[in-house]
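As structure tokens, the structure follows; a few thoughts come after it.
The values are calculated or read from the model by the stated rules, or taken from the named source; none is laboratory data. Owing to the predicted nature of the structure, the values given are computational and were not obtained by experimental measurement. So basically every Cβ, Gly included, is an ideal-geometry build from the backbone, and we count neighbours across all protein chains shown. For the accessible areas, the whole protein counts, side chains as well, though only heavy atoms, and no ligand, DNA or RNA atoms are used. Shrake-Rupley method; radii C 1.70, N 1.55, O 1.52, S 1.80 Å.
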Amino acid sequence: QKEVEQDPGPLSVPEGAIVSLNCTYSNSAFQYFMWYRQYSRKGPELLMYTYSSGNKEDGRFTAQVDKSSKYISLFIRDSQPSDSATYLCAMTKNRDDKIIFGKGTRLHILP
Amino acid sequence: SAVISQKPSRDICQRGTSLTIQCQVDSQVTMMFWYRQQPGQSLTLIATANQGSEATYESGFVIDKFPISRPNLTFSTLTVSNMSPEDSSIYLCSVESEERDEKLFFGSGTQLSVL
């Protein structure tokens, strides 16, 4: 079983829809969870950062962590064509440990 | 967040040659990281570069293939040596946040194609 599993997509949804992106992981020691957004021909940019379980909201974005299920989600409300990108989940035990990335999910928001 | 400039942004190289990728940061950082992003694969850490010491390589990556320089706190280079088509990938420079927590900031990457 891989440490982090992420469906590569592509995921296509109409503009204005709610998008749900997910990752599962196997290492129960992970405590820090991140979502990165990567536009074509650009480097990943940090979108959301959460510690342990719970929800975190930032504008149209909500990150959710369920450590009991080893499952994290990113929700995008009122999706826009500018949200079209690849979304990478990432996680680590602590700052001294290597960050493990998912393969990324390609998202297309259809106008 | 740090501003990271990486160049070249893309290159097409011949088998057996070498390419040096440069990474410039607009602030002093202790640790710089080099990642590889192959199509359909996760971001993979190649090595960690600290100023004034040898880079630390991850399993599967060796200094002869990916020599790294870190002459000061704002600059690093990664060389991909004796390239083969399997080295075709995106190479990314990264730095940690000023708070030295788990957040990473990335350059725009170098798209390398080896013929």
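With all protein chains present, calculate the accessible area of A:LEU110 using a 1.4 Å probe and round the result to the nearest 10 Å².
Roughly 90 Å² of A:LEU110 is accessible to a 1.4 Å probe.
Kindly provide log₁₀ I(q)/I(0) values, in the same order as q = 0.15 Å⁻¹, from the Debye equation applied to equal alpha-carbon scatterers of chain B.
-0.59
Less than 13 Å apart at the alpha-carbon level, and either on another chain or at least 8 residues along: which aspartates and glutamates does that give for B:LYS65?
Cross-link targets: B:GLU86, B:ASP87.
Could you list, in their original order, any pairs among A:LYS56/B:LYS7; A:LYS2/A:LYS56; A:LYS67/A:LYS98; A:LYS93/B:LYS7 whose Cα atoms are separated by more than 30 Å?
In this structure, A:LYS56/B:LYS7; A:LYS93/B:LYS7 lie more than 30 Å apart at Cα.
In chain B, what cysteines have no partner Cβ closer than 4.7 Å?
Lacking a cysteine Cβ partner under 4.7 Å: B:CYS13.
Determine by what factor the alpha-carbon radius of gyration of the range A:4-110 differs from 2.2 N^0.38 Å, reporting the quotient.
1.01
What average count of beta carbons from other chains do you get within 10 Å of the Cβ of residues in A:100-107?
For peptide A:100-107, the averaged partner shielding equals 3.
When the accessible area of each residue in the range B:85-107 is compared between its chain alone and the complete protein assembly (1.4 Å probe; ligands, DNA and RNA ignored), which residues differ by at least 30 Å², being lower in the assembly?
B:ARG100, B:GLU102, B:LYS103, B:LEU104, B:PHE106
Taking θ = phi - 60°, what integer Hz values does the Karplus form 6.51 cos²θ - 1.76 cosθ + 1.60 yield along the range A:96-111, in sequence order, with x for Gly and Pro?
Ordered by residue, 3J(HN,Hα) equals 8, 9, 5, 8, 9, 9, x, 6, x, 10, 7, 10, 10, 9, 8, x Hz.
Suppose all protein chains stay in the model; what accessible area per residue would a 1.4 Å probe give for the range B:15-81, in Å²?
For the range B:15-81, the per-residue accessible area is 48 Å².
Label points 7 Å out from Cα along the Cβ direction at B:CYS13 and A:LYS67: separation in nm?
Distance between the two pseudo-spin positions: 4.3 nm.
Among B:58-64, B:19-25, how do they line up from the highest to the lowest mean number of other beta-carbon atoms within 10 Å?
Ranking, from highest mean packing down: B:19-25, B:58-64.
How long are the semi-axes of the equivalent ellipsoid of the protein assembly as shown, defined as square roots of 5 times the Cα gyration tensor eigenvalues? Whole Å, largest first.
Ellipsoid half-lengths, sorted descending, are 30, 20, 16 Å.
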